[in-house]
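Please find one structure pasted underneath; my questions will follow.
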Amino acid sequence: MTQKLSAWNYIKNNKRRVAVLIVSLLLCFVASYITQIMLGTAEVSFRKIFIDNYSKMQYIELAASSLGIDVEHTPPEEIDRIYDEENEKLTQKLCSEKGVEKAWYTRVIYSHVAAVVGNITLEVPLMEKTEDVETIMKHMGAKLVEGKLPQKPGEVVIDEASVKNNHYQIGGYFNGDDFDKDFTVSGIVSCDSYFGAGLVREGYSPTSICVLSDGSIHDMSKVLERNGIKVRDNYDGIYDRKIGEKWIKEEVVDMIDGSTTFIFAGVLILLSLALLIVYVMYLRDRHSEWCLYCSIGYSRRSIYFSILRELLFDFISSLLIGGVMIVLLGKVLEMLVISPQGLFCRFWYPEALVQIFCAYTFLFGLLQIPVWSALYRIRTIDTMDDDMY
């Protein structure tokens, strides 16, 4: 018989069975991708600090010996004074460097950003004057949306995402776990990234050089080398885009990739076993149907291609429905979970889609094993009673 065997008739008349296969594949797709989105909040959020912030603002913390101070033969009471003087001199030199818009020798305190995986710190520079805080805000694209700018020593402004992430409130204490009651939140700013700045209070001596740059400075160590300072990794702290990219790669991306690969492999193994068992049961139930087709003239080839079309319908339907569900679930998670926690996310992960496509290809190939086994056992109607399936 040359007539093509329709796959749609089976799909239409066995909606429940088809739905089970589609839902099984759908869960693999959606669970894997949503996991990627949730774990990816760490990368997207931390990139705001390590890449975006460090491209515009860098921090330099040098050891006394790196500044040329002879710490072994200098009286302890003199080291701090000389250290401050050398940092002030270096700050003035940096202000004349290409790409540097402004620099201060100041004190930096810290806030925290906690994601689904990981916890990092956000530098909050402390200035002497409110005008300097305004300068930093303008440079970082931050605008006051609630409260007021710092007017008194110990007051800070902080961005909306950090407020949500740390449960800050205007008039409340800033990072009370680390700084007790030394600092209070005077205002909340709107910013594309995490941001904070404030006024220094008595007892917090300067320890860092805060540099505002135009984004062209990738490696601050090279700038310091031009000024006669050789940076040593074990002694000096340089926080710029170079170190930010390194941290993102080693501490975030590699860790997340390892976690998602482990989770995805586990899901795939469990799904493969469950899908194989369920599909074998379905094929057993259809043995009589195929024997009947074979008896009235349909070839095994026609039956096989009919099964392939059924499987393609299941796989393609799960991908289409899964894509819609991911968009909807992603938006719901962003509104109800991610944004309220002061985190950022993205929804486009092409590498995850490639991984899922490879998994679907593997599953599609895996299901060919029971299909070929079932086709091999097909008999015509007159020999069905003797078949020992």
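Got a sec? What order do Lys331, Lys48 fall in by accessible area at 1.4 Å, biggest, i.e. largest, first?
Lys331, Lys48
If you don't mind, another one. Measure up Lys56/Lys181; Lys48/Lys249; Lys222/Lys246 against 21 Å on the Cα-Cα distance and list the ones that go over.
Lys56/Lys181
Please find, in a Gaussian network model of the chain (springs between Cα atoms separated by less than 10 Å), the residue of Leu320, Leu363, Leu39 whose mean-square fluctuation is greatest.
Taking springs between Cα atoms under 10 Å, the residue moving most is Leu320.
Which part of the stretch 54-71 falls in the paramagnetic zone of Gln92, meaning amide N under 18 Å from the point 7 Å along Cα-to-beta-carbon?
The answer is 67-69.
Apply the Karplus curve 6.51 cos²θ - 1.76 cosθ + 1.60, θ = phi - 60°, to the phi angles in the stretch 234-251 and return the couplings in whole Hz, x for Gly and Pro.
Karplus values, whole Hz, x for Gly and Pro: 7, 10, 10, x, 10, 10, 9, 5, 4, 5, x, 5, 5, 5, 4, 5, 7, 9.
With every protein chain kept in place and ligands, DNA and RNA left out, what is the accessible area per residue of the stretch 147-207? Probe 1.4 Å, answer in Å². Don't jump to the answer; show the numbers that get you there.
Numbers: 2820 Å² over 61 residues.
It amounts to 46 Å² per residue over the stretch 147-207.
For Lys164, what accessible surface area do you get with a 1.4 Å probe? Give it in Å², rounded to 10.
Number for this one is 90 Å².
Follow-up question, since we're still on this one. For Glu225, what accessible surface area do you get with a 1.4 Å probe? Give it in Å², rounded to 10.
About 110 Å², rounded to the nearest 10.
While we're here: How far apart, in nanometres, would the label points at Ser272 and Ser205 be if each is projected 7 angstrom from Cα along the Cα-to-Cβ direction?
Inter-label distance under the simple model: 6.2 nm.
Set Lys and Arg Cβ to +1 and Asp and Glu Cβ to -1, take the dipole of the chain about its Cα centre, and tell me which of Ser216, Tyr304, Leu122 lies farthest positive.
Of the listed residues, the answer is Tyr304.
Here's another thing I want to ask about it. For the stretch 92-237, what is the convex hull volume of the alpha-carbon atoms per residue, in Å³? Kindly include the intermediate steps, with their values, before the conclusion.
Numbers: hull volume 19.4 nm³, N = 146.
Roughly 133 Å³ of hull volume per residue.
Is it possible to state the helix-based mean residue ellipticity at 222 nm for the chain, with each DSSP H run of 4+ residues giving -39500 (n - 2.57), the sum divided by total residues, to the nearest 500 deg cm²/dmol? What is it?
Mean residue ellipticity at 222 nm (helix-derived): -16500 deg cm²/dmol.
Right, next: So if I take the centroid of the Cα atoms in the stretch 290-322 and the same for the stretch 1-47, what is the distance between those two points in Å?
17 Å
Let me ask something else. If you take the beta carbon distance between Lys246 and Leu292 as r and set R0 to 56 Å, what does 1/(1 + (r/R0)^6) give as a FRET efficiency, to the nearest 0.05?
E(calc), rounded to 0.05, equals 0.25.
GNM on the chain, C-alpha springs below 10 Å: top fluctuator among Ile321, Ile248, Ile338?
The residue with the greatest mean-square fluctuation here is Ile321.
What is the stretch 104-147 by shape, rounded, prolate or oblate, if you read a ≥ b ≥ c off the alpha carbon gyration tensor as root eigenvalues and call it rounded for a/c under 1.5, prolate for a/b larger than b/c, and oblate otherwise?
Cα axes put the stretch 104-147 in the oblate bin.
Would you mind checking which residues have amide H under 5 Å from Met57's amide H? H placed 1.01 Å from N; only 5 or more apart, or other chain.
Sorted by chain and number, the residues that satisfy this are Ser213.
A follow-up question, please. For the pair Thr261 and Asp214, what calculated FRET efficiency results from E = 1/(1 + (r/R0)^6), where r is the Cβ-Cβ distance and R0 = 45 Å, to the nearest 0.05? Present the calculation step by step, with values, prior to reporting the outcome.
Working: r = 39 Å, r/R0 = 0.86.
For Asp214 and Thr261, the calculated efficiency is 0.70.
Here is a further query. I'd like the accessible area for Ile296: 1.4 Å probe, protein heavy atoms, all chains in place, Å² to the nearest 10.
So the heavy atoms of Ile296 present about 90 Å² to solvent.
Out of (i) 1.20; (ii) 1.03; (iii) 1.48, which label holds the value of Cα Rg over 2.2 N^0.38 Å that was computed here?
The listed entry that was calculated here is (iii).
Size of the stretch 285-325 along its principal axes in angstrom, Cα-based, largest extent first?
43, 19, 9
Specify the residue with the greatest mean-square fluctuation among Leu271, Leu292, Leu224, computed from a Gaussian network of the chain linking alpha-carbon atoms under 10 Å apart.
Of Leu271, Leu292, Leu224, the most mobile in the Gaussian network model is Leu292.
Give the ranking of Glu43, Glu131 by solvent-accessible surface, highest area first, calculated with a 1.4 Å probe.
So, going from the largest accessible area down, we get Glu131, Glu43.
What list of ³J(HN,Hα) values in whole Hz, one per residue of the stretch 318-330 in order, does the Karplus curve 6.51 cos²θ - 1.76 cosθ + 1.60 (θ = phi - 60°) give from phi, with Gly and Pro shown as x?
Along the stretch 318-330, the couplings run 5, 5, 5, 5, x, x, 5, 5, 5, 4, 5, 5, x Hz.
Read phi for every residue in the stretch 333-346 and hand back ³J(HN,Hα) as whole Hz from Karplus 6.51 cos²θ - 1.76 cosθ + 1.60, θ = phi - 60°, with x for Gly and Pro.
3J(HN,Hα) across the stretch 333-346, in whole Hz: 4, 4, 6, 9, 10, 6, 4, x, 8, x, 10, 10, 8, 9.
Among Ser24, Ser317, Gln355, whose Cα projects farthest towards the positive end of the dipole of the chain, with charges put on the beta-carbon of Lys, Arg (+1) and Asp, Glu (-1)?
Going by the charge dipole, the pick is Ser317.
A further question on this structure: Quick one: putting +1 on the C-beta of Lys and Arg, -1 on the C-beta of Asp and Glu, what dipole do you get for the chain around its Cα centre, in Debye to the nearest 20?
Computed charge dipole of the chain: roughly 2580 debye.
Shifting gears a bit: Considering only protein heavy atoms and a probe of 1.4 Å, how much of the accessible area of the stretch 1-40 is carbon and sulfur, as a whole percent?
60 percent
The values are calculated or read from the model by the stated rules, or taken from the named source; none is laboratory data. In this text, all values refer to a predicted model and were calculated from it rather than measured experimentally. Ideal geometry is used to build each Cβ from the backbone, glycine not excepted, and the neighbour counts take in all protein chains shown. Quick note on the areas: whole protein, heavy atoms, side chains included, nothing else; ligands and nucleic acids left out. Shrake-Rupley method; radii C 1.70, N 1.55, O 1.52, S 1.80 Å.
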